[in-house]
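The structure appears right after this line, and notes come after that.
The values are calculated or read from the model by the stated rules, or taken from the named source; none is laboratory data. Since this is a predicted model, take the numbers as computed values, not measurements. Quick reminder, even Gly has a Cβ in these numbers, built from the backbone with ideal geometry, and neighbours come from all protein chains shown.
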Amino acid sequence: MPAVAAPAPARPETDGLLAFIAAAPSPYHAVAAAAEALRAAGFEEVRADEPFAGTGGRYLAAGGALVAWWRPDGAGPDAGFRIVGAHTDSPNLRVKPQPDVATAGWRQLGVDVYGGALVNSWLDRDLGLSGRVVVRGAAGPEVRLLKVDRPLLRVPQLAIHLDREVNERGVVLDRQTQLRPVWGLGDTSPDGFRRFVAAEVCVDPRDVLAWDVMAHDLTPPARLGADAELIAAARLDNLSSCWSGLRGLLRAVDGGGNGRDGSARVAVLALFDHEEVGSDTATGASGPLLESVLERIVLGAGGSRDDWHRALARSSCVSADMAHAVHPNYLDRYEPGHHVLPNRGPAVKVNVNQRYATDAPSSALFLDACERAGVPYQVYSHRSNLPCGSTIGPITATRLGIATVDVGNPQLSMHSARELAGGDDTEHLVGALEAYFSG
């Protein structure tokens, strides 16, 4: 008889991550899911036009971005900040403002490629739609979330009989003409998508004013491998880090590490949007959101401008974004001696040209947290003859002038519609960030 596979080990934080990813096909849904978890833990929402005074847990949601903080009772106005930053967005296909297209009897949607997507990974997948829709309300425009988890769209690949050299040449796609999803047959009216969206959010089509809507892969997150030691899911970059930061904050507060014991640090979670397109937006890391929130926390505690600068001098940031696991089929793309693997702990990411913000002191800060949490860690350095990507780390360090370290869990297939990572590393990073918040 064939051997029966042993049950997968319990990984509650990993299971939580997979549920979080399934609930968050868009940045707006990620913020909504994080806000729900914060409220359940006793955090209170504040609006940007309200004062930020008081102790305990607060959070501010702004579209696809969220900043949450815990200010302990014993914290003075010049208390330093322990910040964990991540981003809610992922590369994908986004629906154009006037998307309805009729081509040779097919109904199609016009889409744009958002971020540095591996566009071939979106071929031949059943796709749903998600995002936000602005509708006309009685008191003015209202934002409603849209989440359609049923097969709607598909970008069909050309049959090999019509492209015999594709396996030798590789798939080359024109983003304007060859990435349009099909979603039916027949002629289409110029407002077909608008009418579809209106029905989904239960309004008259005339009341749909605008949308930020994107496609998402419908394959659910899953454990993978002979021993179920890996996870496969969409948007691991960077919902994995968002979840780890959220859980690290909540565990630090619940465990009495940073807040309930009267310690003097303010724990901050900053989840930004638009990292994949450069962060230069109101809700991106280059915008004023985090800096404004931190300053208003100081002012809400009765602090002065000098207290604000003293608080920054006592602050630090962990920029959490996924790292490149070594690919067994492409070893020539990796720096020798810096191969990182899933399930071996988070990687500290180093780049001498400051594509990552890590330096020796900030690296030591995170390594100390790992050691206190009993978490393994690795070090990643990019190959010198390949261009290196960047993160919110250098942006945050530049805006705030604080010690910043870039870290991330290793993964393969980064920027694919479906990515691969280790099943243990969520537990590792949550533990490390809990220790960092707790100090």
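Restricting attention to the range 102-145 and to residues that are among the β-branched types (Val, Ile, Thr) and modelled with pLDDT of 95 or more, the residue that is surrounded by the most Cβ atoms within 10 Å (Cβ to Cβ) turns out to be Val111. When every residue of the range 11-33 is checked against the conditions, at least one turns out to be surrounded by 14 or more Cβ atoms within 10 Å (Cβ to Cβ), modelled with pLDDT under 95 and out of contact with any His (no Cβ under 9 Å at 6 or more places or on another chain). Going by the conditions given, is Ala40 at pLDDT 95 or above and surrounded by fewer than 15 Cβ atoms within 10 Å (Cβ to Cβ)? It is true that Ala40 is at pLDDT 95 or above and surrounded by fewer than 15 Cβ atoms within 10 Å (Cβ to Cβ).
Please determine, by comparing only the residues of the range 120-158 that are in a strand (DSSP E or B) and at positive phi, which one is farthest from the chain's Cα centre (by Cα). For the range 120-158, the residue satisfying everything is Gly140. Mind telling me which of the residues Arg296, Arg333 ends up being more than 23 Å from Cys388 (Cβ to Cβ), of a type in the set (Lys, Arg) and either in contact (Cβ under 8 Å) with a residue 40 or more places away in the chain or surrounded by fewer than 22 Cβ atoms within 10 Å (Cβ to Cβ) (or both)? Result: Arg296 is the single residue among Arg296, Arg333 that is more than 23 Å from Cys388 (Cβ to Cβ), of a type in the set (Lys, Arg) and either in contact (Cβ under 8 Å) with a residue 40 or more places away in the chain or surrounded by fewer than 22 Cβ atoms within 10 Å (Cβ to Cβ) (or both).
Are there any strands (runs of 3 or more DSSP E) wholly within the range 65-111 with 3 or more residues that are outside the structural domain of Asp306 (by TED's automatic domain parsing), and if so which? It would help to see each step written out before you state the result.
On the way: elements: 65-71, 81-87, 92-103.
Hits in the range 65-111: 92-103.
I'd like to check something: does the range 411-419 contain any residue that is closer than 30 Å to Phe81 by Cα and either in contact (Cβ under 8 Å) with a residue 60 or more places away in the chain or surrounded by fewer than 24 Cβ atoms within 10 Å (Cβ to Cβ) (or both)? Looking through the range 411-419, at least one residue is closer than 30 Å to Phe81 by Cα and either in contact (Cβ under 8 Å) with a residue 60 or more places away in the chain or surrounded by fewer than 24 Cβ atoms within 10 Å (Cβ to Cβ) (or both).
Select, from Val148, Val213, the only residue that is closer than 20 Å to Ala33 by Cβ, in contact with an Asp or Glu (Cβ under 8 Å, 6 or more places away or on another chain), touching a residue at least 12 places away in the same chain (Cβ under 8 Å) and surrounded by 15 or more Cβ atoms within 10 Å (Cβ to Cβ).
Numbers: Val213 fails: in contact with an Asp or Glu (Cβ under 8 Å, 6 or more places away or on another chain).
Only one candidate qualifies: Val148.
Condition check for Gly74 on (1) more than 30 Å from Asp307 (Cβ to Cβ); (2) surrounded by fewer than 21 Cβ atoms within 10 Å (Cβ to Cβ): one failure, at (1). Taking each residue of the range 221-241 that is modelled with pLDDT of 95 or more and looking for partners that are part of a strand (DSSP E or B) and of a type in the set (Lys, Arg) with beta-carbon atoms closer than 9 Å, six or more apart or interchain, yields Glu229/Arg223; Leu230/Arg223; Ile231/Arg223; Ala232/Arg223.
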